[in-house]
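Remarks on the structure that follows.
The values are calculated or read from the model by the stated rules, or taken from the named source; none is laboratory data. The structure displayed is predicted, hence computed values, not measured ones. Counting neighbours? That spans all protein chains shown, and the Cβs are built from the backbone with ideal geometry, glycine included. These area figures cover heavy atoms from the full protein model, side chains too; ligands, DNA and RNA do not enter into them. Shrake-Rupley method; radii C 1.70, N 1.55, O 1.52, S 1.80 Å.
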Amino acid sequence: MTEVDSFTKKFTKDRISNVVQINRNFFQVNEELMNFKAKIKQEPFALGTYLGSGKPFHPGVALLDWLDKRTENYIVIDKKAAWLFLCGRDLFAESVIRQNVNDGKLVLIKNENDEVLGLGERTGRKVSIKNLLDKGDFLRRERH
C-alpha cells in the first residue's frame, strides 16, 4: 500500500488508480504515459498529475479535488472565512456553515459553492480547524 492509499483511506474506500512513484513524489498517470515511461531510458522528473510527496505524506491539490466527489468528510465555511483560509489562516468554529465529519481529524474545507479550498485538521481548541493545505499556497510561494 502506497502513501497515497494510506492518505485516501482516511476519506474514502475508493482507491486511486495508476499511481507511480518517482523519487519521493507520487503521480497519477494514464496508460499512454505508462507506455512512454517504459520506452525512455532515464527516470523522468515528473509524470502525469501530481498527487503529493514525502514520508509523512503531504497531499497535493489535485488529490484533494479527486477526493471531493468521493468523501463525506468535509466542512463548509462562510465567504469571509474562505478568503482567510486561502490566505493561510486557521478557522474558528463560528465560520462553519455546515459539516459532515467522521471520527478522523482530517477534513476537506469547502466554500459555500461546494468548491474544495484545501485540507484542515480539527483541533477542538478555540481555533477549531488548523490549515494544513490551501489552494492559495502556490501563489504565496511564488511571491518569494
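With the requirement that a residue be closer than 28 Å to residue 100 by Cβ and either crowded, with 17+ Cβ neighbours inside 10 Å or in contact with a strand residue (DSSP E or B) (Cβ under 7 Å, 6 or more places away or on another chain) (or both), what does the stretch 42-58 give you?
Narrowing the stretch 42-58 to residues closer than 28 Å to residue 100 by Cβ: 49-52, 56-58.
If the condition is that a residue be closer than 28 Å to residue 100 by Cβ and either crowded, with 17+ Cβ neighbours inside 10 Å or in contact with a strand residue (DSSP E or B) (Cβ under 7 Å, 6 or more places away or on another chain) (or both), then 49, 50, 51, 52, 57, 58 are the ones that fit.
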Residues (within 30 Å of residue 18 (Cα to Cα) and either of a type in the set (Gly, Ala, Ser) or modelled with pLDDT of 95 or more (or both)) located in the stretch 87-106: 104
Residue that is surrounded by fewer than 17 Cβ atoms within 10 Å (Cβ to Cβ), in contact with a helix residue (DSSP H, G or I) (Cβ under 9 Å, 6 or more places away or on another chain) and without any contact (Cβ under 8 Å) to a residue 40 or more places away in the chain, where the choices are 80, 39, 9, 13: 80
Test: residue 61 is touching a residue at least 60 places away in the same chain (Cβ under 8 Å), open to solvent by less than 90 Å² (accessible area, probe 1.4 Å) and touching a Lys or Arg at 6+ places or on another chain (Cβ under 8 Å): yes
Number of the condition not met by residue 110 [criteria: (1) of a type in the set (Lys, Arg); (2) modelled with pLDDT of 90 or more; (3) open to solvent by 20 Å² or more (accessible area, probe 1.4 Å)]: (3)
Hits in the stretch 97-118 - residues which are β-branched (Val, Ile, Thr) and either in contact with an Asp or Glu (Cβ under 8 Å, 6 or more places away or on another chain) or in contact (Cβ under 8 Å) with a residue 40 or more places away in the chain (or both): 97, 107, 109, 116
Residue within the stretch 57-64 that is assigned to a strand (DSSP E or B), aromatic (Phe, Trp, Tyr) and closer than 25 Å to residue 23 by Cα present: no
Unique match (being part of a loop (DSSP other than H, G, I, E, B), at pLDDT below 90 and either open to solvent by less than 80 Å² (accessible area, probe 1.4 Å) or not aromatic (Phe, Trp, Tyr) (or both)) among 1, 34: 1
